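One structure is given below, encoded as structure tokens.
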Amino acid sequence: MAIFGNKKAETKKAAPQKKAAAKTVAAPAEKKVAKVVAVLGVKDVLVRPRITEKAANMTVNHVYTFDIRKNATKKDVADAVKKLYKVDPIKVTTVNTPAKRVRMRTKRGFGKSSAGRKAYVTLKKGQEIQFS
């Protein structure tokens, strides 16, 4: 047991000297590093308008549905809709759609449909978006 105890004592004494040297070198380097903020563009936020029967019925109430990227926030979606369609969104609601188990026709067994995210965007009265 004494052999192991001597080795531990030697490594503990040497370790603090290395840490002190590393701290003095690392401090000036951290000040020089600038943080980069990523700005999402319109194409990085909105994937496509979601055209379904439910979405078509919701347009009567000035609510439009879009498929969006998983990392997009409500503020990103509102800004993208405002830039792309030149309308004023009042409210944005996001919903995560889970992956579902689907039957494969060509192979035996089951697979999964991809998970995604969608946004419901409410516009001011009198404004509308035309999808052609």
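Note on the range 42-123: dipole from Cβ charges, positive end direction compared against V60, G109, T93; the farthest Cα belongs to G109. Going from the fewest other Cβ atoms within 10 Å to the most, the residues R108, R50 appear in the order R108, R50. Residue exposure proxy: F110, F131, F66, ordered by other Cβ atoms within 10 angstrom of their Cβ from fewest to most, comes out as F110, F131, F66.
Cβ-Cβ distance of K82 and V102, R₀ of 41 Å, FRET efficiency by 1/(1 + (r/R0)^6): the value works out to about 0.70. Positive contributions from Lys and Arg (+1) and negative ones from Asp and Glu (-1), summed over other residues with Cβ under 14 Å from the Cβ of Q127, come out at +3. Checked against a 32 Å cut-off, the cross-linked pairs K100/K125; K43/K91; K74/K107; K75/K107; K83/K112; K43/K107 give Cα-Cα distances beyond that limit for K100/K125; K74/K107; K75/K107; K83/K112; K43/K107. Ranked by how many other Cβ atoms sit within 10 Å of their own Cβ, fewest first, the residues Y85, Y120 fall in the order Y120, Y85.
No value in this document is a laboratory result; all are computed from the given coordinates. Everything quoted here is computed from the prediction, not taken from an experiment. Using ideal geometry, Cβ is built from the backbone for each residue, glycine included, and neighbour counts are taken over all protein chains shown.
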